[in-house]
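Only one structure is covered here, and it is reproduced in the block below.
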Amino acid sequence: MATTNGTTRATDQRNAADAADAGGPTGPAEDRLRVAVVLGSTRAGRFGPVVADWLLRRAAEHGGLETDLVDLVATPLPSTFPAFGAPLPADVQAQFAAVSPRLEAADAFVIVTPEYNHSFPAPLKNAIDLHTHQWHAKPVGFVSYGGRSGGLRAVEQLRPVLAELHAVTLRETVSFHDYGDKFDADGQVLDPAADGAAKSMLDQLAWWAHALRDARRLRPYSA
């Protein structure tokens, strides 16, 4: 994980709070970046919400970011569909309406995922595959968790999938190895290096999100 010292973190947090009062470090409130945090695990007893809540707190401290948690348990998507060209049933349309506009509105994404059998959960793959242009020319960061590998093999499986959808995946990731030992009972991370890793990832995410949003405004992306 990337690290940063306590003084730098405290200064960053004070600066983020001051910037939030002024509409964020990038200017007015309408210029803030919209980040969809996609929580990929749907398994009963999942640990994902603990990781996602921690990330949301780090994003709030970062400044200039508006986060939207897209939890695939709270907003399940269908796994069967009518034939190509056939109309979607009303209940399926309602399921899409709870997710698709939020992905469309996002300037960037962070995917929170565990690792299942050297890969990522099937519901997450389903959610990715059901959308196309929503991912185009947008950056994607990752927060993974698992056993000894920390979920990193899931992240490496996600990269080519998202490249096919014309998304830009970040080099910097946040991973929790043996995640059960990394959080206290209140969901706080025990290793302060995790906060530094999150800041590095969010810094890159914001840079790419601004650059790609400006580019899309200047010239629509064609895939």
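Remarks
- Once segment 65-104 is narrowed to residues that are touching a helix residue (DSSP H, G or I) at 6+ places or on another chain (Cβ under 7 Å) and open to solvent by 70 Å² or more (accessible area, probe 1.4 Å), the residue that is farthest from ARG46 (Cα to Cα) is GLU104.
- Any hit, segment 145-157, residues being open to solvent by 30 Å² or more (accessible area, probe 1.4 Å), out of contact with any helix residue (DSSP H, G or I) (no Cβ under 9 Å at 6 or more places or on another chain) and in contact (Cβ under 8 Å) with a residue 60 or more places away in the chain: no
The rows are residues; the columns are (1) part of a loop (DSSP other than H, G, I, E, B); (2) under 23 Å from VAL51 (Cβ atoms); (3) without any contact (Cβ under 8 Å) to a residue 12 or more places away in the chain.
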site	(1), (2), (3)
LEU77	yes, yes, no
PRO82	yes, no, yes
PRO87	yes, no, yes
ALA94	no, no, yes
PRO101	no, no, yes
PHE109	no, yes, no
VAL112	no, yes, no
LEU124	no, yes, no
ALA127	no, yes, no
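- ALA154 vs. criteria touching a His at 6+ places or on another chain (Cβ under 7 Å), within 27 Å of ASN126 (Cβ to Cβ) and of a type in the set (A, V, I, L, M, F, W, C): no
- Residue within segment 176-191 that is touching a Leu at 6+ places or on another chain (Cβ under 7 Å), in contact (Cβ under 8 Å) with a residue 12 or more places away in the chain, assigned to a loop (DSSP other than H, G, I, E, B) and within 15 Å of VAL143 (Cβ to Cβ) present: yes
The values are calculated or read from the model by the stated rules, or taken from the named source; none is laboratory data. Just so we're clear, the structure is a prediction, and the values are computed from it rather than from any experiment. Glycine gets a Cβ as well: all are built from the backbone with ideal geometry, and neighbour counts include every protein chain shown. Note: areas computed on protein heavy atoms with side chains; ligands, DNA, RNA excluded. Shrake-Rupley method; radii C 1.70, N 1.55, O 1.52, S 1.80 Å.
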